[in-house]
Amino acid sequence: MSRDFIRKVAFGLGLEEELPNDPLLWSQKQFDKIPNLIWGHPLPSLEDQRKRYGQWVYGDRKVLRNKFKNDRLKYESEKDQLRKTTGEKFFETFELSVRHTSALATDSPAFERMWQFWGNFFAISEKDFLASFSTGVYQREIIRPNMNKTFEDLVYNVTTSWCMLHHLDNAENIGPSSKRGISINSDPQEKSKVGLNENHARELLELHTVSPEANYTQEDVIEMAKVMTGWKYLWNKKYLEAGPIKFQDEYHENGPYKILGKIYDIRDYNTVSQGKELKVVIKDLANHPSTKKHIALKLCQHFICDEPNEEMMNKIIKAWDQSDGSLIDIHKATMKVAFEYGNNFKKFSMPELWLLQNSKMLDLKYYLYSYPKGFEFSGSVPRTKQLLVKRILEQLGHPIYRAKQPNGYVDLEDEWLSPELIIRRLAVARRFPEMSNSKLIYDNEFFENVIISNFDEPSNLLNLMKTPTTYSDRFVIFANSPEVMRS
């Protein structure tokens, strides 16, 4: 299954690419180090984007709404200008172009696929302009650099990141018995009382670690929320909630805590005052048997099939156990499982993956409209062609930085196989000719070469493409064939 495997774990073979002599080794070696993103200019940092987000929310909330509270038209006009100067309409498009350029130009496509998997696993849903400023750079600077560490490291760094803490409202998670909690709740002039906010604690247990498989209870969620009190941004008059993350002891609810039957009675002052209790608890959560099974299931569902068997998952869990949760070993084990079982199982591609695989195989150049010359922020909005990546993903129903729920996009066939979503793929494929490589001739011979290069059993697709078609029909039939939509 050598050629099918390249599509199963990556994006297929481009026109000038040859099948690796050892496809499994080719895929596994890509996880030994973190490859550079393919972009020709320095990329904005998390700190840069926090400040821009702060300028946006402060400018709108504290300046414009007060200054033009009686002039709606002027308010909207000034708000549009603020969008431009802060990049509120710029950076989502920019980050999507970085993502697609790197996926299609890299020599480590299996790594890029895995990065996309973790970005969806630790999703940031559509909220508070996070997609506009922060989600892309969060995936670049929090998820990607931790992919050669342990799963425990990855969970901890994601959990304590500004983007995730803000996304799941942990600033509102204040210990009722903490210094600040007692002060606020006992002050008669304070109209709003404070207490625990369970959002982040619940998602950490349900989505990011043990899953409902561990049979945790509401009491476990409450105790986890107590552990997480004090982890919040520093409030800043200039940037509001966009200040940096710092553990703030005065908001922290002290233990002991009881989570999943284990009592955490940490009395060391430095551990408590620096918020290291969270790290202690995450160590246990990240290495819990239910977490290992949960992650193995998600990896198999993404790369192999919707209903993986225990044998597949156990091979990933074994690699986890033998390496103490090394993501390098977990990723390599996932590649091996995909290689060993891929012949017997097909996986329906989510829309973005479908787009990237077609782009790779057919040498579509839509992403080059925005790479990288001329795509630097200068207080402007993206040009029409630079918006193409974002608009295609929206048309496909898969705007990847705007998941509706914290569990990201569901990676199962039933979620994407509705008539409406298939019609959207047909419509996008109808646009492929305008995105194609103008130096190529997309005739029957071209498609035959693509099929022979990318499919272990090409005969059915070759016969399908022999049907007399118009120029654009060739793209539509190829892209929406069962062979291409499932790998």
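The values are calculated or read from the model by the stated rules, or taken from the named source; none is laboratory data. What you see is a predicted model, and the numbers here were worked out from it, not measured in a lab. All Cβ positions, even for glycine, are placed from backbone atoms using ideal geometry, and neighbour counts span all protein chains on display.
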Segment 184-205: number of residues that are at pLDDT 95 or above, surrounded by fewer than 19 Cβ atoms within 10 Å (Cβ to Cβ) and in a helix (DSSP H, G or I): 1
Tally of residues being out of contact with any Gly (no Cβ under 8 Å at 6 or more places or on another chain), surrounded by 14 or more Cβ atoms within 10 Å (Cβ to Cβ) and of a type in the set (Asp, Glu) across segment 70-95: 2
Yes/no for residue 323 being in contact with a Ser or Thr (Cβ under 9 Å, 6 or more places away or on another chain) and surrounded by 18 or more Cβ atoms within 10 Å (Cβ to Cβ): no
Selection status of residue 410, out of contact with any Asp or Glu (no Cβ under 9 Å at 6 or more places or on another chain) and assigned to a loop (DSSP other than H, G, I, E, B): yes
Conditions (1) of a type outside the set (A, V, I, L, M); (2) buried (at least 20 other Cβ atoms within 10 Å of the Cβ); (3) under 24 Å from residue 386 (Cβ atoms): number failed by residue 106: (2)
Segment 424-446, residues that are out of contact with any helix residue (DSSP H, G or I) (no Cβ under 7 Å at 6 or more places or on another chain) and more than 28 Å from residue 95 (Cβ to Cβ): 439, 441, 443, 444, 445, 446
Cross-chain or 6+ apart pairs with Cβ under 6 Å, segment 201-225 first and without any contact (Cβ under 8 Å) to a residue 24 or more places away in the chain, then of a type in the set (A, V, I, L, M, F, W, C) and assigned to a helix (DSSP H, G or I): 202/221; 221/201
Segment 366-396, residues that are in a helix (DSSP H, G or I) and either among the aliphatic types (A, V, I, L, M) or without any contact (Cβ under 8 Å) to a residue 40 or more places away in the chain (or both): 368, 369, 385, 387, 388, 389, 391, 392, 393, 394, 395
Filter pass, residue 14 being more than 29 Å from residue 165 (Cβ to Cβ) and either in contact (Cβ under 8 Å) with a residue 60 or more places away in the chain or part of a loop (DSSP other than H, G, I, E, B) (or both): yes
Inter-residue pairs, beta-carbon under 8 Å, first assigned by TED's automatic domain parsing to the domain that holds residue 225 and in segment 268-283, second small (Gly, Ala, Ser), 6+ apart: 272/255; 275/230; 277/255
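For every residue, the table says whether it meets (1) over 27 Å from residue 303 (Cβ atoms); (2) in a loop (DSSP other than H, G, I, E, B); (3) free of Cβ contacts under 8 Å to residues at least 24 places away in the same chain.
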{"position": "401", "(1), (2), (3)": "no, yes, no"}
{"position": "422", "(1), (2), (3)": "no, no, no"}
{"position": "433", "(1), (2), (3)": "yes, no, no"}
{"position": "441", "(1), (2), (3)": "yes, yes, yes"}
{"position": "447", "(1), (2), (3)": "no, no, no"}
{"position": "472", "(1), (2), (3)": "yes, no, no"}
{"position": "477", "(1), (2), (3)": "no, no, yes"}
Filtered residues of segment 133-148 (kept if over 15 Å from residue 116 (Cβ atoms) and charged (D, E, K, R)): 141
Hits in segment 229-253 (condition: under 15 Å from residue 173 (Cα atoms) and touching an Asp or Glu at 6+ places or on another chain (Cβ under 9 Å)): 229, 230, 232, 233, 235, 241, 252
In segment 109-138, residue surrounded by the most Cβ atoms within 10 Å (Cβ to Cβ) [restricted to those that are in contact with a Cys (Cβ under 9 Å, 6 or more places away or on another chain) and part of a helix (DSSP H, G or I)]: 135
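What number of residues within segment 326-365 are assigned to a helix (DSSP H, G or I) and surrounded by fewer than 18 Cβ atoms within 10 Å (Cβ to Cβ)?
Taking segment 326-365 and keeping what is assigned to a helix (DSSP H, G or I), we get 327-344, 351-362.
Remaining after also requiring surrounded by fewer than 18 Cβ atoms within 10 Å (Cβ to Cβ): 328, 336, 340, 343-344.
Result for segment 326-365: 5.
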Elements of type helices (runs of 4 or more DSSP H) in segment 206-311, at least 1 residues being within 30 Å of residue 133 (Cβ to Cβ): 218-228, 277-286, 289-303
Boolean, residue 57 is closer than 30 Å to residue 357 by Cα, aliphatic (A, V, I, L, M) and buried (at least 17 other Cβ atoms within 10 Å of the Cβ): no
Looking only at segment 139-176, and only at residues there that are among the hydrophobic types (A, V, I, L, M, F, W, C) and part of a loop (DSSP other than H, G, I, E, B), the one that is nearest to residue 97 (Cα to Cα): 147
